[in-house]
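Scroll down for the structure; my scribbles are underneath it.
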Amino acid sequence: MVMADRCVGNAPPEVRHIWDTLRTELNMGQYLDVLGTVRGAVTAEEALTIMRNKTAGYTIVRPLQLGAALAGRPDLADDLAAHGMPLGIAFQLRDDMLGAFGDSERTGKPVGDDLTEGKPTVLLALAREAASPSQLEVLDKVGSEIGTDDIEAIQQVMVDTGAVAASEAETGQLLATALHAAGFKAVVFDKDN
């Protein structure tokens, strides 16, 4: 981050402003992510705040805005945010789904890795919010040393509570919103594509 900051150096004020916003949001998102992991539970809204700052802002929105500002088009900032924010959140929702259910052969990381680490995700928050007391006991194992059986039980609770279906539906809606903001007509997404 320090080296990147040095590279920005004497950039025009509109570029510097976006860069400073990116750094602030990233640090806040990272802090909230670590805090959520340590606390062991976050609400869906708290997880969404982490996504907005750490993933969507840092990975998509601010880089698009930086490029536009460097090209002399800072006036595109709002349009780029309207496209980039839902796209970034959809990306993170999908990444969280892969972190909980993904195929290690395809993702390159162990199945359930996010569950073992206790990552504060919308998926987990939705499951907690809808869980019965016995399901909460299963979800309370998230963030600890868990084996394959525990991971499968946690995954089942995520499915049974409707968290998986809700996350998939939200991902599809966010992608449609992002494409619409970019000028594309309605597109139907399914979880296999």
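Okay, here's what the table says:
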read-out: Choice from Ala182, Ala127, Ala90 with maximal GNM fluctuation in the chain (Cα, 10 Å cutoff); value: Ala182
read-out: Other-chain or far-sequence residues with amide H under 5 Å of Arg73's (modelled H); value: none
read-out: Solvent-accessible area of His17 with every protein chain in place, 1.4 Å probe, in Å² to the nearest 10; value: 120 Å²
read-out: In order through segment 92-106: 3J(HN,Hα) via Karplus (6.51 cos²θ - 1.76 cosθ + 1.60), integer Hz, x for Gly, Pro; value: 5, 4, 5, 4, 5, 5, 5, x, 9, 10, x, 8, 4, 5, 8
read-out: Answer label, with Rg and Dmax of the Cα atoms in Å calculated from the coordinates and candidates (1) 48.1, 151; (2) 17.0, 49; (3) 18.3, 57; value: (3)
read-out: Within a Gaussian network of the chain (alpha carbon springs, distance under 10 Å), most fluctuating of Glu145, Glu168, Glu45; value: Glu145
read-out: Farthest positive-ward along segment 1-82 dipole, Cα basis, beta-carbon charges - from Ala56, Tyr31, Leu66; value: Tyr31
read-out: Cut-off 14 Å, label 7 Å out along Cα→Cβ of Thr24, residues of segment 45-80 by amide N; value: 53
read-out: Gaussian network model of the chain, springs between alpha carbon atoms under 10 Å - residue of Leu70, Leu123, Leu98 with greatest fluctuation; value: Leu70
read-out: Potential extension, Met1-Tyr31 segment - 0.36 nm per residue separation minus Cα distance; value: 9.3 nm
read-out: Under Karplus coefficients 6.51, -1.76 and 1.60, residue-wise ³J(HN,Hα) of segment 119-134 in Hz, glycine/proline x; value: 4, x, 10, 4, 4, 5, 4, 4, 5, 4, 5, 9, 6, 6, x, 5
read-out: Computed FRET value (nearest 0.05) for Glu129 with Asp79, which takes r as the C-beta separation and R₀ as 35 Å; value: 0.55
read-out: Sparse-neighbourhood loop sites, chymotrypsin sites (Phe, Trp or Tyr not before Pro) in segment 1-72 - DSSP loop, at most 15 other Cβ within 10 angstrom; value: none
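The values are calculated or read from the model by the stated rules, or taken from the named source; none is laboratory data. A quick note: this is a predicted structure, and the numbers were derived from the prediction, not measured. Cβ sites come from the backbone with ideal geometry, for glycine too, and all protein chains shown count toward neighbours. To get the accessible areas, we keep the full protein, side chains included, count just its heavy atoms, and leave off ligands, DNA and RNA. Shrake-Rupley method; radii C 1.70, N 1.55, O 1.52, S 1.80 Å.
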